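Inspection log for the structure reproduced underneath, given as structure tokens.
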Amino acid sequence: MYQKRFYRDQFKKSEMEYFELAIKESDLFVGVSKATAEIKELAREKLTQLRQELENYIAENPLFEITFKPVNIGPGAPEVVRRMARAAQLAKVGPMASVAGCLAEMVGESLLSLSTEVIVENGGDIYLASTKPRIIGVYAGDSKFSGRLSLEIAPGETPVGICSSSGTIGHSVSLGKADTCLVKSRSAALADAYASILGNMVKTKADLPLALDLAKSLSDLDGVLIIIENEMGIWGNIKLVK
């Protein structure tokens, strides 16, 4: 069932120009310095290409789509499949756990030749490249922290992936009960996969320390913010502002 991306109205308050890009299940919100016809066409072509490559691979390797565990891929797999498989191996989840972040990342990278400012949001998973400080709002359902906190990102931290998993919000599969498990990494595909595994761990407030301990051991993870009900856990390079 389609759910309105109400948070996209907050994006529009910045000086960037935005456009929506939807192909089948992919529903992207793209921000750039100037939303020219050339950039819009490039974004559409890239997303179409990535989806076609992924669909073709799944048609020949159906386990890739349904497994909750990492899978080995053969030689010659397209880049989108390789990135998803690598993220899955590191996070010990199924490769589709990283699909939203991976698509956002690869579409965003394709636009950097035409725009110095790029943000691609895909179902709450974000790829960001910017020459200016950016503020990313944190939504956590019914928690008292929801809508009251934001993440500040410095230009030197980008390109960066900021991805979230939730057991109480949205339609994505989560085995946990966290209102939000936000992960920051240089790789959006990896941030998406790590958000899944960390979010799955948090079923009660007592699980917060265990999830943060695991986060400390994960490679290429810059920081994590986990909210469950009215408790919050933070580790790593996470700068919060009101």
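The values are calculated or read from the model by the stated rules, or taken from the named source; none is laboratory data. Everything numeric here is computed off the predicted structure, so don't read it as measured data. Neighbour counts are summed over all protein chains in view; Cβ atoms, including those assigned to glycine, are modelled from backbone coordinates with ideal geometry.
Quick look at the numbers
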{"item": "In segment 177-211, residue farthest from SER130 (Cα to Cα) [restricted to those that are of a type in the set (Val, Ile, Thr) and surrounded by fewer than 24 Cβ atoms within 10 Å (Cβ to Cβ)]", "result": "THR204"}
{"item": "In segment 103-143, residue modelled with the lowest pLDDT [restricted to those that are out of contact with any strand residue (DSSP E or B) (no Cβ under 9 Å at 6 or more places or on another chain) and not polar (S, T, N, Q)]", "result": "ASP142"}
{"item": "Flag if LEU151 is under 19 Å from ASP222 (Cα atoms) and assigned to a strand (DSSP E or B)", "result": "yes"}
{"item": "Segment 124-153 - residue that is within 18 Å of the chain's Cα centre (by Cα) and at positive phi and, of those, surrounded by the fewest Cβ atoms within 10 Å (Cβ to Cβ)", "result": "GLY141"}
{"item": "Any hit, segment 177-194, residues being among the β-branched types (Val, Ile, Thr), touching a Lys or Arg at 6+ places or on another chain (Cβ under 8 Å) and either assigned to a loop (DSSP other than H, G, I, E, B) or modelled with pLDDT of 95 or more (or both)", "result": "no"}
